[in-house]
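The values are calculated or read from the model by the stated rules, or taken from the named source; none is laboratory data. Just so we're clear, the structure is a prediction, and the values are computed from it rather than from any experiment. All Cβ positions, even for glycine, are placed from backbone atoms using ideal geometry, and neighbour counts span all protein chains on display.
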Amino acid sequence: MPRSPRRLSSLPIFLLGVLVLVVAMGGAATAGALVTSKQIKDNTITSKDIKNGTLLLRDVKKSEIAKLRGKNGKNGTAGASAFAPPPSGTVIKGGGRVDGEVSAGGIVLNAYTPLPFTTAVVLDDFTTGRNLFFGTSALAEVSETDAASCPGTFAAPTAVPGALCVYLGSTTTNVANGASVVYSGATSGTDAAGNNGFYVTATASNAGTMRLPYVWVYTAP
């Protein structure tokens, strides 16, 4: 007996329903099998597995963030301070110039140089413990120079540890020979700036413009 046309037409619909059910169950099974941290072997996820620029600060433990700060500052060890003597062996250089107009020869001009640090001991320009000198120069008073403590030159200034050496330039204008002096601090006597600066004096040889460049160097003891 031939099959009923109605039965034959309903068969594909039944198969389609079964197929939908299988797919649905397969999807549920897949969702239930998602990988979690328990299934990941420790130390197997690497940088290439993480999309660049996706990690946030909140993804990092606070205790680990704290370890990024140095003991003496947010970004590590702090540098030397101008309020304290520089570390032993540090070499610091600078310069200045006595410059001005004078009405006659014999007039003395000076230039003060503040230091960008504090010396370990007071700069001394007079006693047996002196540590502030000129390098060898015909422009300086002989008693102001010390070749042993200041063996360098204007172009290549050097100083032995603990000394501050001032080197007078050779290209000058209207400066008398043998008359320049260097003093510690801000005055010719003892003052509170003895650890923080010095000044150079120069004597004019004639009226007019007077100009005397100098460089200085300090080596921390």
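The table for this structure:
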read-out	value
Counted residues, the range 175-208 - those being of a type in the set (S, T, Y) and closer than 12 Å to I107 by Cβ	3
Residue in the range 140-157 that is at pLDDT 95 or above and part of a strand (DSSP E or B) present	yes
Any chance S180 is within 20 Å of V91 (Cβ to Cβ), at pLDDT 95 or above, surrounded by 22 or more Cβ atoms within 10 Å (Cβ to Cβ) and not hydrophobic (A, V, I, L, M, F, W, C)	no
Residues within the range 80-111 that are more than 18 Å from the chain's Cα centre (by Cα), loosely packed, with under 14 Cβ neighbours inside 10 Å and in a strand (DSSP E or B), tallied	1
Residues being over 28 Å from the mean Cα position of the chain (by Cα) and not small (G, A, S) - total across the range 151-195	14
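So that you can scan it fast, the table gives a plain yes or no per residue for (1) buried (at least 22 other Cβ atoms within 10 Å of the Cβ); (2) touching a Gly at 6+ places or on another chain (Cβ under 8 Å); (3) in contact (Cβ under 8 Å) with a residue 60 or more places away in the chain:
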residue: V142; (1), (2), (3): no, yes, no
residue: A147; (1), (2), (3): no, yes, no
residue: G152; (1), (2), (3): no, yes, yes
residue: A156; (1), (2), (3): no, no, no
residue: A159; (1), (2), (3): yes, yes, yes
residue: L168; (1), (2), (3): yes, yes, no
residue: T171; (1), (2), (3): no, no, no
residue: S184; (1), (2), (3): yes, yes, yes
residue: A192; (1), (2), (3): no, yes, no
